1. Is it true that some residue in the range 27-37 is part of a helix (DSSP H, G or I), at pLDDT 95 or above and open to solvent by less than 80 Å² (accessible area, probe 1.4 Å)?
2. Out of all the residues in the range 5-26, which are among the β-branched types (Val, Ile, Thr), open to solvent by 60 Å² or more (accessible area, probe 1.4 Å) and more than 13 Å from the chain's Cα centre (by Cα)?
Amino acid sequence: MCAALVLSENTVKSHVRAILQKLDLRDRVHVVIYAYENGLVARHEFHPNGRYQVHPFG
């Protein structure tokens with residue numbers, strides 16, 4: 001048996017709002033910029049061979 005985690009849309013919005021407030025960011029676009037600038041996500045580039053090349057944390 002598999003249990004499911006269910007979150008309401010309002011719960012998600014509330015958590016996103018709290019994250020924005022704690023990081024002093026204006027919107028989700030700024031969260032993405034923050035994540036890249038602080039090494040929280042890997043940078044991807046499209047390679048001529050048709051595959052993505054991952055540059056971890058840089």
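1. Kept after step one, since they are part of a helix (DSSP H, G or I), are these residues of the range 27-37: 28-37.
Those still in the list that are at pLDDT 95 or above too: none.
Checking the range 27-37: not a single residue is part of a helix (DSSP H, G or I), at pLDDT 95 or above and open to solvent by less than 80 Å² (accessible area, probe 1.4 Å).
2. If the condition is that a residue be among the β-branched types (Val, Ile, Thr), open to solvent by 60 Å² or more (accessible area, probe 1.4 Å) and more than 13 Å from the chain's Cα centre (by Cα), then VAL6, VAL12 are the ones that fit.
The values are calculated or read from the model by the stated rules, or taken from the named source; none is laboratory data. Since the structure is predicted, the reported quantities are computational estimates derived from the model, not experimental observations. Remember, those area values only see protein heavy atoms, side chains included, never the ligands or the DNA or RNA. Shrake-Rupley method; radii C 1.70, N 1.55, O 1.52, S 1.80 Å.
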